[in-house]
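The structure appears below as structure tokens.
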Amino acid sequence: MGIENVFVVGAGYMGNGIAQVSAFSGYRVVMCDVSSERLQAGMEAVKNSLGKFLTKGRVTQEQFDATLVNIATTTDIQDARDADIVIEAVPENLELKRGVFGRLDGICPSHAILGTNTSAIPISSIAAATARPDRVVGIHFFGPVPLMRLVEIIKGVLTSDEALSSADSWARSLGKETVLVLKDHAGFVANRGSMPSTIEAIRMVDEGLATPEDIDRATGGYDAGVGPLQIVDNAGLDVGLNAALAIYEDTGDGKFFPPPLLRRMVAAGLAGRKAGKGFYDYSGGKRESYINIDKFAGESEEERAARYARLLQRFIMPNILEAVRLLEAGVSSAEDIDKAYRLGFNLPQGFLEIADNLGLDTVADTAMAFYEETGDGKFFPPPLLRRMAAAGHAGRKAGNGFYDY
């Protein structure tokens, strides 16, 4: 059966974005939330987003009008009874999501796909709340949804191939590029792969090795685009904390445990851009740095350049190593892993391609040096990397690595 009717649970930042792109693509959409006030705010967000596209000539007045006509709102989840596909976009809380899916299971028709927009929680944990785990799929959009092209399609332990394929086709019908995640790893590909480096960036600030501006400048994202700590601010420090905890609770792996600074900032209400302050101060209407480290005040340009090069190395290495681990575990293909990095974080290259360009032997040696310096297990080079380097599959310079040159 084809998909015509889309039911979105949650009218917040992600939910209203999903409703917008679905309605723009011609689907009949019902957006559900617990209050008319939340629904009104969600519809205003859709109108504002579409209005910006209209002003820039990216949509026509006819498309603007048709998109709004295609969206209905409701506070009654029973209205999901006609849905062909449901996208749940409520906060990152397992019990909350399980409660929603338990209710949807008793309402939606048997053919309906039940999709969750979770960014980190294992799909199978959510699907267990239903009597149809074969129809439950992870459909993870990236925000802002109308602008970001990436959607991760995640297979739970019991998700059927047909449901996975249908969800993938539907997401691509919205003009999105999809990445298939074939193992139900917490954090999936993009967030799972990036989380160790994000945590390392926060830890370097916590240890007084760098300011947020230092980190974002060192990674090339301060003036052009956004750096890792501005990405955290944009997403919300509370969202980042919950994602890290979800992966840590699933894996027990210390590299995902959120550093003390992140936990303190969330507890203090410094949740990022939406709160007016996070790693940067937005209260004046623009991004302002406010975290300073006095010992770097008299630093020369040469000293700063050397420190930034070291910060970049220490930041990028966990990303590379986790990408290798994802490939080694069969979570996704090399091409899809790199696509997730490129599209999810607006990078020119994925980290497996970066590793090939650096040389896998060089990456393995650098990672081991960081491991010996810090004693931190996330820097220990994974077996696949060591085997490939030892076998002479060192990347672009050798003619083959993660890709064939």
Label zone at GLU95, where the point sits 7 Å out along the Cα-to-Cβ direction: the range 127-163 residues whose backbone N lies under 18 Å = 127-130
task = Relative to the longest principal axis of the C-alpha atoms of the chain, give the angle of the C-alpha long axis of helix 190-206, reported between 0 and 90° and rounded to the nearest 10°.
result = 50
query = With a 10 Å Cβ neighbour count serving as the proxy for reagent exposure, in which order, fewest first, do VAL232, VAL266 appear?
reply = VAL266, VAL232
inquiry  = Using only alpha-carbon positions, what ratio does the radius of gyration of the range 146-233 give when scaled by 2.2 N^0.38 Å?
reply    = 1.40
key: Calculated over the range 5-181: convex hull of Cα atoms, volume per residue (Å³)   = 94
key: Extent along principal axes [Cα atoms of the chain; Å; largest to smallest]   = 61, 51, 40
request  = In whole Å, largest first, what are the principal axis extents of the Cα atoms in the range 87-161?
outcome  = 34, 26, 21
query = Over 32 Å between Cα atoms, which of LYS52/LYS255; LYS56/LYS97; LYS155/LYS378; LYS97/LYS277; LYS97/LYS286 qualify?
reply = LYS52/LYS255; LYS56/LYS97; LYS97/LYS286
query = Excluding the sites themselves, what is the longest stretch of the chain that contains no GluC sites (Glu not before Pro) in a DSSP loop with at most 15 other C-beta atoms within 10 Å?
reply = 5-206
key: CD proxy at 222 nm, helix term only [per DSSP H run n ≥ 4: -39500 (n - 2.57); per residue of the chain; nearest 500]   = -15000 deg cm²/dmol
ask   = When VAL205, VAL29 are ordered from fewest to most other Cβ atoms inside 10 Å of their Cβ, what list results?
value = VAL205, VAL29
ask   = So what's the Cα pair-distance distribution over the range 8-106, bin width 5 Å, in %?
value = 2, 14, 25, 24, 17, 10, 5, 3, 1
note = With x for Gly and Pro, the residue-by-residue ³J(HN,Hα) of the range 341-349, computed from phi through the Karplus equation 6.51 cos²θ - 1.76 cosθ + 1.60 at θ = phi - 60° and given in whole Hz, is 5, 4, 7, x, 10, 6, 9, x, 9
Relative contact order %, the range 66-169, counting alpha carbon pairs below 8 Å whose residues are six or more apart = 22
ask   = What whole number of Å gives the distance from the Cα centroid of the range 1-40 to the Cα centroid of the range 367-385?
value = 44
note = For LYS255, LYS183, ascending order of other Cβ atoms within 10 Å (fewest first) is LYS183, LYS255
inquiry  = Please compute the contact order of the chain in relative form: average sequence separation of alpha-carbon pairs under 8 Å and at least six residues apart, divided by the residue count, as a percent.
reply    = 11
message = Once you keep just the Cα pairs under 8 angstrom separated by 6 or more residues, what percentage relative contact order results for the range 183-322?
response = 31
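Read-outs: derived from the displayed coordinates by stated rules, not from any lab. The structure presented is a predicted model; accordingly, all values stated were derived computationally and were not measured. Every residue, glycine among them, receives a Cβ derived from its backbone with ideal geometry; neighbour counts consider all protein chains shown.
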